[in-house]
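The values are calculated or read from the model by the stated rules, or taken from the named source; none is laboratory data. Bear in mind that the values here come from a model prediction, so they are computed numbers and not experimental data. For neighbour counting, all protein chains shown are included, and Cβ atoms are generated from backbone atoms with ideal geometry for every residue, glycine included.
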Amino acid sequence: MEEFLVKINAGGGYNVHIGPGMISECGKIISSAAGQCRAAVVTDSNVEILYLRPVMDSLEAAGLDPISFVFPAGEGSKNLHILSEILESFADNGLTRSDIAVALGGGVTGDITGFAAGVYMRGIRYVQIPTTLLAAVDSSVGGKTAVDLSSGKNLAGVFLQPSAVICDTNTFNTLAPDVFSDGAAESIKYGILTSEHIFEVFERGEVRKSVSELVSECVSIKGRLVEEDEHDNSVRRLLNLGHTIGHAIENLSGYTFPHGHAVAIGMVMISRAGEKMGFTEIGTTDRIEKCLIRNGLPTSTDYDPEALYNAALSDKKRSGDNITIVVPKRIGRCELMTIKVSELFDIISLSAQR
Ligand SMILES: NC(=O)c1ccc[n+]([C@@H]2O[C@H](COP(=O)([O-])OP(=O)(O)OC[C@H]3O[C@@H](n4cnc5c(N)ncnc54)[C@H](O)[C@@H]3O)[C@@H](O)[C@H]2O)c1
Ligand SMILES: [Zn+2]
């Protein structure tokens, strides 16, 4: 079986196994990472139908005596109620401190399962089996877990690195096109950040041909940033490229606009402002726009600069009067820029003018 292996030196250190058909290996991989224990699989109602059976079979065959918990699919489930149901189900099934939680699904499943693992009995181990492109290249690696509160997204959570990540790239074949594009936006982000090669694969529209290799390159980039800055105080913030304006768009839409789509628009806008400020190489924005369109993503928004600015101010990445934004120099290189909150309005206004 074709397998790409990426090692991440954060937490206790863990391997990310990437390749087509990897789900059938999950029992073996988990028992070698975690030893003899019980596995508690958490998944959502869509992924249950598609992939729960083969995962349970593989865990069973490896002697991990699995149990499962299924919640209704969607961001609306990433809350304290479902978290509490997951914890109660772990307890009802007699899960102990030496057992392991398994997140099977997209970013919602990964975030809530990681949080449950982080607090159940003061912390048990967990494994990620991402089944969306976004979860594979972004949320399954790095150890950020969360649920949403009524006043905002991801407001409660813990940092907890997984014990292993198992990414079966065949699972992307059943994703809705919009959900796939969402992950494409985050992958294109890695290209703009540090790898012109990744960007070119998307530019040529060839992502499906070499998706396992591409996921492994994205995960390596994220891994290096996480290793250097596990708790998100410095270089890890580069991963927020496109996210200041992106979060503002999501916020204004009442979180109905998909995250990756919002980030796509945010990347175009910040690159355009960078070009106008003389910071970003001319032509960068044009290339980013064409690449995003080719991958089914939007590049502009109807929200006006003032509304975007006000929504951006509620961003949790703000610290006092300053906010750190990420600006491309060119494709393959970006820099952090700390600006006064008041300067953000000028940048958003610049970025909105074609
Ligand atoms: N922890 C982090 O570092 C981090 C980073 C980025 C995003 N996130 C979080 O990730 C979440 C978004 O992730 P997402 O886009 O994966 O959302 P998701 O988990 O809701 O998945 C999107 C949809 O695809 C379905 N699905 C999943 N896998 C499938 C498959 N293989 N085939 C068919 N359908 C499938 C799901 O049921 C769901 O309806 C957000 O909550 C965001 O906050 C976390
Ligand atoms: Zn993101």
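The residues on offer are VAL55, VAL70, and the sole one that is assigned by TED's automatic domain parsing to the domain that holds GLY11, at pLDDT 95 or above and surrounded by 24 or more Cβ atoms within 10 Å (Cβ to Cβ) is VAL55.
Against the definition (buried (at least 21 other Cβ atoms within 10 Å of the Cβ) and free of Cβ contacts under 8 Å to residues at least 24 places away in the same chain), how does ILE198 come out, yes or no? Don't jump to the end; show me each part of the working.
Numbers: buried (at least 21 other Cβ atoms within 10 Å of the Cβ): yes; free of Cβ contacts under 8 Å to residues at least 24 places away in the same chain: yes.
Yes; evaluated as a whole, the condition is true for this residue.
Does any residue of region 145-168 turn out to be in contact with a Cys (Cβ under 6 Å, 6 or more places away or on another chain) and touching a residue at least 60 places away in the same chain (Cβ under 8 Å)? Yes, that holds for at least one residue. Would you check which residues across region 122-165 are of a type in the set (Val, Ile, Thr) and surrounded by fewer than 16 Cβ atoms within 10 Å (Cβ to Cβ) and list them? Correct list: VAL158 only.
So which residues in region 109-135 are hydrophobic (A, V, I, L, M, F, W, C), closer than 20 Å to ALA39 by Cβ and in a helix (DSSP H, G or I), if there are any at all? Working first, answer last.
Initial filter on region 109-135 (hydrophobic (A, V, I, L, M, F, W, C)): 112, 115-117, 119, 121, 124, 127, 129, 133-135.
Still in the running and closer than 20 Å to ALA39 by Cβ: 112, 115-117, 119, 121, 124, 127, 129, 135.
Correct list: ILE112, PHE115, ALA116, ALA117, VAL119, MET121, ALA135.
Of all residues in region 134-187, which are of a type in the set (S, T, N, Q) and at pLDDT below 95? SER150, SER151, ASN154, listed by residue number.
When GLU3 is tested against (1) in contact with a Gly (Cβ under 8 Å, 6 or more places away or on another chain); (2) crowded, with 19+ Cβ neighbours inside 10 Å, just one condition goes unmet, and that condition is (2).
Of all residues being of a type in the set (A, V, I, L, M) and more than 8 Å from ligand 1 (Cβ to nearest atom) in region 166-190, which is surrounded by the fewest Cβ atoms within 10 Å (Cβ to Cβ)? Just the residue, please. Talk me through it step by step, then tell me what you get.
We begin by selecting, within region 166-190, every residue of a type in the set (A, V, I, L, M); these are 166, 175-176, 179, 184-185, 188.
Subsequent filtering for residues that are more than 8 Å from ligand 1 (Cβ to nearest atom) retains 166, 184-185, 188.
Values: ILE166: 27, ALA184: 25, ALA185: 29, ILE188: 31.
Going through the qualifying residues, I end up with ALA184.
Under 19 Å from ALA176 (Cα atoms), crowded, with 24+ Cβ neighbours inside 10 Å and within 16 Å of ligand 1 (Cβ to nearest atom), is that true of ALA264?
Numbers: under 19 Å from ALA176 (Cα atoms): yes; crowded, with 24+ Cβ neighbours inside 10 Å: yes; within 16 Å of ligand 1 (Cβ to nearest atom): yes.
Yes: the conditions hold for ALA264.
Annotation: GLU230 fulfils all but one of (1) closer than 16 Å to VAL141 by Cα; (2) modelled with pLDDT of 95 or more; (3) not polar (S, T, N, Q); the unmet one is (2).
Would you be able to say whether some residue in region 299-306 is surrounded by fewer than 20 Cβ atoms within 10 Å (Cβ to Cβ), of a type outside the set (Ser, Thr, Tyr) and within 15 Å of ligand 1 (Cβ to nearest atom)? No, region 299-306 has no match at all.
Could you please find all residues in region 25-83 being among the polar types (S, T, N, Q) and closer than 25 Å to ALA146 by Cβ?
Applying the first criterion (among the polar types (S, T, N, Q)) to region 25-83 yields 31-32, 36, 43, 45-46, 58, 68, 77, 79.
Correct list: THR43, SER45, ASN46, SER68, SER77, ASN79.
Within region 231-244, the set of residues being more than 12 Å from ligand 1 (Cβ to nearest atom) and touching a strand residue (DSSP E or B) at 6+ places or on another chain (Cβ under 9 Å) comprises HIS231, SER234, VAL235, ARG237, LEU238, LEU241, GLY242, THR244.
Of the residues screened, SER163 is not one that is among the polar types (S, T, N, Q) and within 16 Å of ligand 2 (Cβ to nearest atom).
Within region 219-234, if we keep just the residues that are in contact (Cβ under 8 Å) with a residue 60 or more places away in the chain and assigned to a helix (DSSP H, G or I), the residue that is nearest to ligand 2 (Cβ to nearest atom) turns out to be LYS222.
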